[in-house]
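Worksheet: one structure, shown below.
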Amino acid sequence: MGLFSWLFGKKESASKVRKRKDEPDVVNVESSDDKMNWAIEKANLTLHYFEACLQNPKPGQSYLSIKVRIVDGQKVEHLWLKEPSFDAEGNLFGVVGNEPIDVTTVKFGQKIGIDRELISDWMIVENGRLIGGYTIRAIRSNYTGKDLENFDRSLGGIHVDYGEDYFLPSDKTPEGAIVQLEEAYNEDNIEKALSCKDFTKEAELMLAKLKKENVGEEIVQKTAEVLKMAFISSLQENGMPKFNGIKRAFPKREKVSDQHMIVTEVCYYPDGNSSIQRMNTYKIGDHWKVMAPED
């Protein structure tokens, strides 16, 4: 199986490709690339799942690898490590799985220890399917047609779909807030579900979408109360939706503003069906709240 090393040089073009002998091409990506920054953030937010699988691999998991940022003076290179492990303090150890191109501080096949703060990605091959591999997905999203076919061929037969993401329920991230709301539904906990919402902000967004101008605070608050009552009534009459046993992927964030993110959620249900919806999330203070889905 090929291993991958994507470089993030500040002065490099996102389309620049360099060759590494007997290994997949190296693609340089600008450090300001939003998709790549999100990929690295996502990898670290879901790292707990990779660590759990290292300790107790699941059936069908045939390959686990982790990517780290290697710094050599002004040079930076991201390399995959084979045979990864963590010590009791959480420090990472592994064997360099790529031949470095720019950095000289590590060599192919060398076992190294590195701070977990330098982790930039992880990947698991499970029943031939890619789990994680967020920087790989970010690069892949730039290709179409023959280029995409060639890229997929370079992955050595690994199947790439939406994958599965393992965000912890938490209002510190948009995705975690969605998981937290779905957890409240599973528990039939209406108070917890209400704490995941902000009907005032939802009213503001709805009125803005309807292009209602010069809307005063009184109208916003009345609209918020109507939305809250409708939400409670729906849950009481129809019951709370259930997400037990589902698997999730969050393949896309759409940034409306620093506080407003539209998150695409894919749900895989135990009966083999799936659904896709775009969820509005909004950051109120330090907490992400879940708004009404995007039409």
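The table below lists the values:
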item	result
Lysines with Cα under 26 Å of residue 222, excluding same-chain neighbours fewer than 8 positions away	192, 197, 201, 209, 211, 212, 283, 289
Karplus 3J(HN,Hα) series, Hz, for the range 95-106 with 6.51 cos²θ - 1.76 cosθ + 1.60 (x for Gly, Pro)	9, 4, x, 10, 7, x, 9, 9, 7, 10, 7, 9
Descending principal axes extents, the range 174-293, alpha-carbon based, whole Å	48, 33, 26
Eligible aspartates and glutamates near residue 247 by straight Cα distance, threshold 19 Å, same-chain separation 8 or greater	51, 126, 161, 164, 165, 175, 182, 183, 187, 265, 271
Value of [θ]222 nm, deg cm²/dmol, for the chain, DSSP H segments ≥ 4, -39500 (n - 2.57) each, nearest 500	-9500 deg cm²/dmol
Euclidean distance of C-alpha centroids, the range 168-227 and the range 245-295, integer Å	13
Whole-number percent relative contact order across the chain, with pairs defined as alpha carbons under 8 Å at least 6 apart	13
Relative contact order, percent, the range 249-295 [alpha-carbon distance under 8 Å, six or more residues apart]	28
Protection proxy ranking of 190-199, 215-224, 170-179 - average other beta-carbon atoms within 10 Å, highest first	170-179, 190-199, 215-224
Answer label for semi-axes √(5λ) of the Cα gyration tensor in Å (calculated), chosen among (i) 29, 24, 17; (ii) 40, 21, 18; (iii) 27, 22, 21	(ii)
3J(HN,Hα) from dihedral phi, the range 257-266, Karplus parametrisation 6.51/-1.76/1.60, rounded to Hz, x for glycine, proline	7, 4, 9, 10, 10, 9, 10, 7, 10, 10
Nonlocal amide H pairs with residue 61, under 5 Å, H built at 1.01 Å	127
Trypsin sites (Lys or Arg not before Pro) within the range 91-126, DSSP loop, no more than 16 other Cβ atoms inside 10 Å	107
Relative packing of peptides 77-85, 236-244, 249-257, 45-53 - highest average C-beta neighbours within 10 Å first	77-85, 45-53, 249-257, 236-244
Base-10 log of normalised Debye intensity for the range 17-154 (one unit scatterer per alpha-carbon) at q = 0.12, 0.18, 0.22 Å⁻¹	-0.48, -1.15, -1.66
Residue-wise HN-Hα coupling along the range 146-155, computed from phi with Karplus coefficients 6.51, -1.76, 1.60 (Hz; x: Gly, Pro)	5, 4, 5, 4, 5, 5, 4, 5, 5, 7
Amide H contacts of residue 120 (H built 1.01 Å from N, under 5 Å, at least 5 apart or other chain)	67, 68, 69
Residues whose placed amide H lies under 5 Å from that of residue 252, excluding near-sequence neighbours	264
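Here, each number is a calculation from the coordinates, and none is a lab measurement. What you are looking at is a predicted structure, and each value in this text was computed from that prediction instead of being measured. For neighbour counting, all protein chains shown are included, and Cβ atoms are generated from backbone atoms with ideal geometry for every residue, glycine included.
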